[in-house]
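For reference, the structure discussed in these notes is given below.
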Amino acid sequence: DLMSWIIPRVSVPRLSLGVSVFGTSTLQLGDIVTLNFNDENGSSQLGIPGTRFVVYHMEYAYSYGGPVSTVYLSEVI
């Protein structure tokens with residue numbers, strides 16, 4: 001019974017992506033997030049409706065424009 005529950009959930013490919021965001025220390029590994037963003041015209045858009053992601057890796061860097069974080073996310077069931 002346990003295998004019949006696990007197999008359909010792990011056999012489906014999950015979306016993974018990296019997102020560059022302004023450097024922030026409020027995110028932590030394991031946090032569950034959703035994506036909301038604005039397009040070039042300032043119109044509000046929802047990234048991927050109803051999809052939640054878990055933060056599995058973070059990188060920090062400093063650039064001329066200020067601190068930048070790259071947050072790597074993986075889709076959660």
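The values are calculated or read from the model by the stated rules, or taken from the named source; none is laboratory data. Computed from a predicted model, the values in this text were never measured in an experiment. With ideal geometry, Cβ positions are generated from the backbone for all residues, glycine too; neighbour counts draw on all protein chains shown. The protein model used for the area step is the full one, side chains on, heavy atoms only, and it has no ligands, DNA or RNA in it. Shrake-Rupley method; radii C 1.70, N 1.55, O 1.52, S 1.80 Å.
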Checklist entry - What is the local net charge at ARG14, summed over the other residues whose Cβ is closer than 15 Å to its Cβ (Lys, Arg +1; Asp, Glu -1)? => result +1
Item to check | THR34, THR51, reordered so the largest accessible area comes first (probe 1.4 Å) | outcome: THR34, THR51
Item to check | Rounded to the nearest 10 Å², the accessible area of ASP31 at probe 1.4 Å | outcome: 50 Å²
